[in-house]
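The values are calculated or read from the model by the stated rules, or taken from the named source; none is laboratory data. No experiment lies behind these values; they were computed from the predicted model shown. Positions of Cβ are generated from backbone atoms using ideal geometry, with glycine treated the same way; all protein chains shown enter the neighbour counts. Accessible surface is based on the protein model in full, side chains and every heavy atom, while ligands, DNA and RNA are left aside. Shrake-Rupley method; radii C 1.70, N 1.55, O 1.52, S 1.80 Å.
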Amino acid sequence: MSAPPATLLAHNPNLSRLETDHLYHLGLDSSMDLPAMFGDVKFVVMGGSAVRMHDFIENVLRKEGEALGLSVPVGQRLAPIGKTERFELYKLGPVLSVSHGMGMPSMSVLLHEITKLLRYAGASNFAYIRMGTSGGLGLEPGTVVLCRDAVSSAGKPVHTLRVLGEERHYPTRCHAGLREGILASCAARGIATAVGNTMGCDGFYEEQARTDGCFCDYSVDDRLAYLGRLHDDGVRNIEMESTYMSAFCLRAGVPAAIACVTLVDRLRGDQIDSTKEQLAAYVDSVQDAVIAFIRDRADAGYPEFKREE
Ligand code: R2B
Ligand code: URA
């Protein structure tokens with residue numbers, strides 16, 4: 001391959017020694033014509049589930065395809081790119097839609113490979129948006145929470161990485177300009193939003209203070225006291241990828257937003273017992289929020305994102 005771009009070498013000079021960089025989990029590599037395939041990408045929209053990310057790209061096409069000048073020839077369907085064992089990746093014009101699986105380790109693999117992919121492709125002025133689900137704190141289910149800081153389960157705006165057996169700590173702020181842009185698009189369409197901190201956990205049950213997992217050695221009062229403290233500290237929702245993602249994006253210089261719809265108010269309970277129809281409506285609202293933002297940014301001609309430290 002030709003020499004990797006300076007943006008990549010600044011982070012990892014070792015990449016210059018690779019003849020071909022195999023992006024193993026995506027089933028793509030740097031010998032392919034990545035500039036032709038991905039050079040025009042402006043949005044990488046990520047969500048946990050492959051089915052939802054397929055629905056999302058279909059919804060972009062259905063709802064805004066005409067306005068964005070994007071179409072798929074009659075009789076053809078959007079097909080995933082690369083291999084689909086771990087992640088599913090779709091592209092429609094400037095939009096990549098990709099599943100990241102559950103939890104920070106899975107998110108980590110995707111972020112390393114998708115970021116190298118876009119750098120090899122020479123894409124510029126792109127943003128990453130996690131479009132997910134979460135448990136809310138003191139919010140009506142169905143609210144789209146836009147993350148200010150991602151916080152650890154100790155409530156700190158820091159992600160801890162273990163490298164060579166040692167801990168490293170990285171800040172976890174989301175990009176304010178990107179968040180404000182999504183908020184404005186939501187406000188213009190009456191989509192219910194809240195801004196707050198998002199707690200990223202390494203599990204769904206004990207790590208999120210649930211009392212309905214296989215184990216629970218704390219009381220309902222302990223759980224409420226913990227969740228109440230988080231709420232007092234500005235946490236508005238809980239999920240499983242935010243601290244890794246925000247820390248990675250700050251290091252990589254990629255603007256990041258985390259927009260997660262709440263499925264349950266954790267101050268009231270643990271179980272997610274909404275109907276299938278209600279859950280689908282919640283997921284639709286976070287998809288609508290991101291689609292609205294894509295439309296507004298395209299209409300504005302993709303103004304340059306300000307670098308935020
Ligand atoms: C939100 O939903 C998933 C768990 O149900 C997880 O990926 C997350 O962050
Ligand atoms: N995803 C989570 O991680 N937690 C919830 O409560 C709901 C969705």
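Quick notes on this structure:
- Paramagnetic label zone (point 7 Å from Cα along Cα-to-C-beta, ALA188; backbone N under 15 Å) in segment 53-97: 64, 67-68
- Segment 1-136, accessible surface, carbon-and-sulfur percent (1.4 angstrom probe): 52
- Inter-label distance for THR275 and ASN125, nm, one decimal - labels placed 7 Å from Cα along Cα-to-Cβ: 4.6
- Proximity of backbone amide H atoms, modeled 1.01 Å from N, is registered between ALA194 and VAL144, VAL145, LEU146 at under 5 Å, excluding neighbours fewer than 5 places apart on the same chain.
- Each residue, ARG77 and CYS214, gets one label point 7 Å from its Cα in the Cβ direction; the gap between the two is 3.5 nm.
- Along its three principal directions, the equivalent ellipsoid of segment 220-286 from the Cα gyration tensor extends over semi-axes of 25, 20, 8 Å, largest first.
- Spherically averaged projected area of the chain from its Cα convex hull (nm²): 16.8
- Among beta bridges from DSSP that stay inside the chain, the antiparallel ones total about 40%.
- For the residues LYS276, LYS42, a 1.4 Å probe over the protein chains yields an accessible-area ranking, largest first, of LYS276, LYS42.
- Pairwise centroid distance, computed over Cα atoms, of segment 104-142 with segment 38-64, Å: 12
- Probing with 1.4 Å while keeping every protein chain in the model, the per residue accessible area of the chain equals 46 Å².
- MRE, 222 nm, helices only [DSSP H, n ≥ 4, -39500 (n - 2.57), over the chain, to nearest 500]: -11000 deg cm²/dmol
- When the solvent-accessible area of segment 230-308 is split by element, carbon and sulfur atoms take up 48 percent of it, the probe being 1.4 Å.
- Among 128-139, 82-93, sorting by the average number of other beta carbon atoms lying within 10 angstrom of each residue, highest first, gives 128-139, 82-93.
- All C-alpha to C-alpha distances of segment 2-106, sorted into 5 Å bins beginning at zero, yield P(r) values of 2, 11, 18, 21, 19, 15, 8, 5, 1, 0 percent in whole numbers.
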